[in-house]
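Asks: Have a look at this one.
The numbers here are math on the coordinates, done by the rules we state, and not lab data. These figures come from a predicted structure and were not determined experimentally. Cβ placement follows ideal geometry from the backbone for every residue including glycine, while neighbour counts extend to all protein chains displayed.
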Amino acid sequence: AAPTAWSGRFSEPVSDLVKRYTASVFFDRRMWRQDIRASLAHARMLARQGIIAATDLAAIEQGMATITGEIEAGGFNWNLDDEDVHLNIEKRLTALVGDAGKRLHTGRSRNDQVATDIRLWLRDTIDDIDGLLRDFQKALLDTAEAHVDTPLPGFTHLQVAQPVTFGHHLLAYFEMLRRDRERFADCRRRVNRLPLGAAALAGTTFPIDREAVARELGFESVCENSLDAVSDRDFAIEFCAAASLVMTHISRFSEELILWMSPRVGFIDLADRFCTGSSIMPQKKNPDVPELARGKTGRVFGHLMGLLTLMKGQPLAYNKDNQEDKEPLFDTADTLSDTLRIFADLVPGIKVKPEAMAAALRQGYATATDLADYLVKKGLPFRDAHEAVARAVRACEARGCDLPELTLDELRSFSPLVGEDAFAVLTVAGSLAARDHLGGTAPAQVRAAIARCRTRL
Ligand code: ARG
C-alpha cells in the first residue's frame, strides 16, 4: 500500500471500506481554492518569521500555481487514498517540489487548516447569497411597483379579512428578506475570524504571526482560544439557521403562490417555465417550483438539526465528527442559492388577475371593519359599532348579498348613525386609501414604502 501521511505509526492499512468511510475528498475538494489560499498565507508567514527558507516559500508558491492550473483544467488526480482536500493538495505539492512541500505543514494541523478553509468558503458564500437576496428583493419591488393599488383580499385564518394592495403584500416579503440579509451580515462577522495558528488544539511551538495571516486572508481578527478555534462550528450552524429562516419565508410565499394559482382561487398565474404538467391529466398546470421550494425548506431544516446534533456531544477539541459538517453546510448553501436564483426570476413572471381578486373581495365583507370605524367616528364606542355591523353582516348572509348592496334604510336599522357617506367607506378603494399611515396599505403609503425600500437594496 502507498504510504499515508501517518503510515509510520501503523502496521496495516485500512480496508477499502474504512478508507471510503473516513475520506472526505469527494465533497471537501470544492474548498480547494480556499485551501491553497490559506496554505500560501501560512507559508509566507513561515518564511517571514524565518521558520522556513525563502527558497522553500518560492518552491511552494510555484507548486501551488501548478496545482491551481491542474485543478482548473480538470486534470488534477483526486485520490481517495489521501483522504481529504488538504492531504491531496499537500501530497501533490510534495511530488512537485519535494522537501519544501513537506515543510508547509510546519506549525499547522489539518484541524486549524480545515476550520480556516470552511470559514473562507462560507464568507464567500455569504457574500454571494447576499447578492441573490438582493436580486430577489429587487424583483419583489419591481412587481410591487406595478401593483401599488391593485386590491387583494388580505386573509386571516385563510378567510377574507380586509383589502390590501398586492404591492403591499409583496413588500411584506421584502421586509422578511431585509432581516434575512441582516442575519447573514451578522453571521459573517463571526465567520470572519482566523482559526489558523491553533494547530492541532494547543497552539504551536513555532514563533508564528497569526495577525499577519489574518490580514492577508482578509479576516477581521483571530480566534482567541486554540481549543475553541479548532473544535467550534457554531458559525456554520448560525449560517444554517439564517438559511432556514430564508427558506421559511420562501416556503410561506410558495404556499401563497400555490393557493393563489389554484383554479378555485385564481388570483395569479405563474409563467409556464416554472410549472409542469401531468402525465395523465391533460388539463393540469402544476406549480412545481413553489411546491419544491416548500419541500426543500424541510431539507434545509434537516441540515440545521443535523449540525446541532453533530456538535452537542463533542468534547473539546477536534473530533472527526466535524468532518460531517461539510455536506449539510454545502447542501444548505446550494439549495438556498438555487432557490433564490429561481425566485428572482419567478416573481417578474407572476401574472396578476385583478378581476379574480376583486371578485373575492366582494364575497367576504372585506370592508366591515371600515363600517365599524365609520360608526366610531360618528361617536359610537367601538364595541357597540362592532356589534351593529356584525348584525348587518348576518342580515347580508341570510340574503346572500354584500354590505354595500343594503339600502341606506336597511343599514340605518342597525345603527341610526349611518348616513349616505357610509357607502364611500364601504368601497374597497375607500378602505385602502383610509389606511394612510406608515406601514399601512394605502397606495400612497405603498408608493412611499417602495421608495424607502429602493434605498435599502
Ligand atoms: N477532513 C478533516 C475534516 O474535514 C480534516 C481534519 C482532520 N483532522 C484529523 N485530526 N483527523 O474535518
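Asks: To the nearest 10 degrees, how steep is helix 382-399 against the longest Cα principal axis of the chain, on a 0 to 90 scale?
Replies: 80
Asks: What residues qualify as long-range amide H neighbours of Thr165, i.e. H under 5 Å apart, gap of 5 or more or another chain, H built at 1.01 Å from N?
Replies: HN-HN under 5 Å from Thr165: Leu152.
Asks: Treating the angle as unsigned and between 0 and 90°, give the value, to the nearest 10°, between the Cα long axis of helix 166-191 and the longest Cα principal axis of the chain.
Replies: Taking the Cα atoms of the chain, the angle to 166-191 is about 20 degrees.
Asks: So, one more: Using the C-alpha atoms of the chain, what convex hull volume per residue, in cubic angstrom, is computed?
Replies: Working: hull volume 92.4 nm³, N = 457.
Spelled out: Cα convex hull of the chain, divided by residues, is 202 Å³.
Asks: Still on this structure, please answer the following. How many angstrom lie between the C-alpha centres of segment 251-293 and segment 422-457?
Replies: Going from one Cα centre to the other spans 29 Å.
Asks: Here's something else I'd like to know. Rounded, prolate or oblate: which fits segment 1-64 when a ≥ b ≥ c are the square roots of the eigenvalues of the alpha-carbon gyration tensor, with rounded for a/c under 1.5 and prolate only if a/b beats b/c? Display every interim value, and only then the final one.
Replies: On the way: a/c = 3.36, a/b = 1.75, b/c = 1.92.
Since a/c reaches 1.5 but b/c is at least a/b, the shape of segment 1-64 is classed as oblate.
Asks: For the pair His437 and Ser279, what calculated FRET efficiency results from E = 1/(1 + (r/R0)^6), where r is the Cβ-Cβ distance and R0 = 35 Å, to the nearest 0.05?
Replies: Working: r = 51 Å, r/R0 = 1.47.
Once rounded, the FRET efficiency stands at 0.10.
Asks: Indicate the gyration tensor shape class of segment 134-182 (rounded, prolate or oblate), computed on the Cα atoms with a ≥ b ≥ c the square roots of the eigenvalues: a/c under 1.5 is rounded; otherwise a/b larger than b/c is prolate and the rest oblate.
Replies: Details: a/c = 3.70, a/b = 1.53, b/c = 2.42.
Cα axes put segment 134-182 in the oblate bin.
Asks: What value, in deg cm²/dmol to 500, does the helix sum -39500 (n - 2.57) over DSSP H runs of n ≥ 4 give at 222 nm once divided by the residues of the chain? All intermediate terms of the calculation are to be shown ahead of the outcome.
Replies: Details: 20 runs with 281 residues, N = 457.
One gets -20000 deg cm²/dmol as the mean residue ellipticity at 222 nm.
Asks: In whole Å, what is the distance between the alpha-carbon centres of segment 169-211 and segment 120-150?
Replies: Answer, in whole Å: 21.
Asks: Under a cut-off of 20 Å between alpha-carbon atoms, report the lysines in cross-link reach of Lys91, not counting same-chain residues fewer than 8 places apart.
Replies: Counting by Cα, and skipping residues close in sequence, Lys91 has these lysines nearby: Lys19, Lys102.
Asks: Under a cut-off of 27 Å between alpha-carbon atoms, report the lysines in cross-link reach of Lys377, not counting same-chain residues fewer than 8 places apart.
Replies: none
Asks: Also, quick follow-up: Cut-off under 22 Å on the C-alpha distance; same-chain residues fewer than 8 positions from Lys138 excluded. Which lysines are left, in chain and number order?
Replies: Partners within reach: Lys351, Lys353.
Asks: Related question: Compute the helix-to-body angle for 234-261: its Cα long axis versus the longest principal axis of the chain, expressed 0 to 90° and rounded to tens.
Replies: It works out to around 30 degrees.
Asks: A further question follows. With a ≥ b ≥ c the root eigenvalues of the C-alpha gyration tensor of segment 194-255, is it rounded (a/c under 1.5), prolate (a/b larger than b/c) or oblate? Intermediate values should be presented prior to the final figure.
Replies: Numbers: a/c = 6.08, a/b = 2.68, b/c = 2.27.
Prolate, since a/c reaches 1.5 and a/b exceeds b/c.
Asks: Counting only other residues whose beta carbon sits under 10 Å from that of Ala100, what net charge do I get with K and R as +1, D and E as -1? All intermediate terms of the calculation are to be shown ahead of the outcome.
Replies: On the way: positive: Lys102, Arg103; negative: Asp56, Glu61, Asp99.
That sum, taken over residues with Cβ under 10 Å, equals -1.
Asks: Skipping prolines and chain starts, which residues have an amide H placed within reach, meaning under 5 Å, of the one on Lys285, given they are 5 or more residues away or on another chain?
Replies: none
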